[in-house]
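Shown next, in structure tokens, is the structure this report addresses.
None of the figures in this text is laboratory data; all of them are computed from the coordinates on show. None of the values given here were measured: they were computed from a predicted structure. Cβ atoms come from the backbone with ideal geometry, glycine included; neighbour counts cover every protein chain shown.
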Amino acid sequence: MGRNAGRVRVRRIRVHRAGGTVLRRRQYDESDVRIRPGKGSRPRTKNRPDHADAEEAMVVSVDRGRWGCVLGGDPARLVVAMRARELGRTPIVVGDKVDVVGDLSGRPDTLARIVRVTDRATVLRRTADDTDPYERVVVANAQQLLIVVALADPPPRTGFVERALVAAYVGGLDPILCLTKSDLATPDEFAATFADLDIPVVVAGRDDPIEPVTEMLAGRVTALIGHSGVGKSTMVNRLVPEADRATGVVSGVGKGRHTSTQSVALALPGGGWVVDTPGIRSFGLAHISPEDVVDAFIDLAEAAEDCPRGCTHLGPPADPECALDKLTGESAGRVEAVRRLLVALMSNEPWT
């Protein structure tokens with residue numbers, strides 16, 4: 001044994017008294033000993049809690065790491081939640097159906113946790129442009145896509161509508177064409193461009209009744225897209241009479257970001273939700289192929305099975321053996337309309 005074995009280590013400490021400073025010996029014991037555990041000494045487990053008590057919710061707003069969620073689809077039961085660590089970087093967007101735990105009271109300064117994200121039934125995606133491989137999910141689980149287009153000021157753009165239709169068909173959403181500013185131009189000519197696709201068309205100018213739109217959206221989750229300035233916000237305020245106040249409440253998750261830059265789901269008075277999205281600047285479709293578009297139509301998808309390999313379904317002269325040319329009747333008219341969508345998809349000119 002060493003010569004210091006068994007000895008108690010001491011240290012002199014200074015003690016201040018009225019008559020001066022004296023030195024006193026301090027004795028150490030086991031409470032002064034600090035031992036850093038080894039890396040392998042900390043018990044770990046891969047078993048994660050199943051969160052059986054989690055409650056279902058729908059995401060209605062997103063703002064920098066905080067999600068506004070309504071429990072059980074009830075607009076009155078709004079909570080603010082963070083993403084649980086076990087989800088990692090799992091993307092969560094407006095419309096997602098999630099399971100939440102924690103403080104579900106909804107009181108100010110409380111925070112719940114999102115522990116699960118349910119598989120999405122539909123997805124509205126876009127890319128920044130046609131060369132960008134990164135997909136951006138705009139809305140999840142929407143049943144309809146309301147494409148808002150002004151008949152004038154700004155002038156309507158068929159290219160934007162065609163690209164929005166492609167995204168809707170591929171994502172599983174039912175498209176609706178909504179025309180505004182009908183006091184400046186008549187809707188017939190522009191609406192006729194898409195007649196072969198059997199798309200519902202509704203006119204919702206400032207002076208037009210809003211009831212036709214309300215009936216189409218009742219009881220369903222509908223995403224709205226459109227250029228800035230087409231009257232989308234005006235229409236939302238008509239659909240949701242207290243939209244200005246509701247938007248501030250729903251998206252107010254403590255960060256103070258201006259709500260017009262974020263998607264937000266608003267509860268319709270008669271039931272259902274309308275998801276107001278920011279004004280679209282670009283609508284890239286780099287993630288979509290011609291086959292994706294054709295597959296959205298049952299009659300066309302069945303006929304396309306007889307197309308030669310590599311067929312782009314554009315018809316002669318590009319594809320002289322395209323099987324879609326053999327279709328007749330209503331299907332033939334739909335082929336021509338779908339081919340216009342394919343041209344828009346391949347043109348790399350999203351705003352023509």
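I need the peptides 85-91, 229-235 ranked by packing, meaning the mean over residues of other C-beta atoms within 10 angstrom, with the highest value on top. Don't skip to the answer; put the middle values down first.
Values: 85-91: 10.7, 229-235: 20.6.
Highest-to-lowest ranking by the protection proxy: 229-235, 85-91.
In a simple Cβ point-charge model (Lys, Arg +1; Asp, Glu -1; nothing else charged), segment 56-129 has a dipole of about 200 debye relative to its Cα centre. Work out the charge dipole of segment 290-352 with +1 on the Cβ of Lys and Arg and -1 on the Cβ of Asp and Glu about the Cα centre, then indicate which of LEU327, ALA304, LEU341 is farthest towards its positive end. The Cα lying farthest towards the positive end belongs to LEU341.
Taking R0 as 25 Å, what FRET efficiency do you get between GLU330 and THR234 from their Cβ-Cβ distance, rounded to the nearest 0.05?
Values: r = 36 Å, r/R0 = 1.43.
Once rounded, the FRET efficiency stands at 0.10.
Beyond 14 Å, the tail of the calculated P(r) for segment 174-240 holds 59 percent of the Cα pairs.
Taken about its Cα centre, segment 76-232 carries a charge dipole of about 960 debye when Lys and Arg each add +1 at the Cβ and Asp and Glu each add -1 at the Cβ. What the Cβ-Cβ distance of ARG77 and GLU242 gives, at R0 = 30 Å and to the nearest 0.05, is a FRET efficiency of 0.95. Placing +1 on the Cβ of each Lys and Arg and -1 on the Cβ of each Asp and Glu in segment 183-248, which of GLY226, ALA204, THR193 has its Cα farthest towards the positive end of the resulting dipole? Going by the charge dipole, the pick is GLY226. A simple packing score, the average count of other Cβ atoms within 10 Å per residue, orders the peptides 212-220, 98-106 as 98-106, 212-220, with the highest score first.
Distance from a point 7 Å along Cα→Cβ of HIS51 to each backbone N in segment 70-87: keep the residues under 19 Å and list them by number. Of the residues in segment 70-87, 70-74, 77-87 have backbone N under 19 Å from the label point off HIS51.
When only the Cβ of Lys, Arg, Asp and Glu is charged (+1, +1, -1, -1), the dipole of segment 141-217 relative to its Cα centre reaches about 340 debye.
Placing pseudo-labels 7 Å out from each Cα toward the beta carbon at VAL201 and ASP188 gives an inter-label distance of 1.0 nm.
Straight Cα distances below 17 angstrom link LYS181 to the aspartates and glutamates ASP153, GLU189, ASP207, ASP208, GLU211, with same-chain residues fewer than 8 positions distant left out. To the nearest 0.05, what FRET efficiency results for ARG85 and ASP292 with a Förster distance of 45 Å applied to their C-beta separation? The pair ARG85/ASP292 has a calculated efficiency of 0.80.
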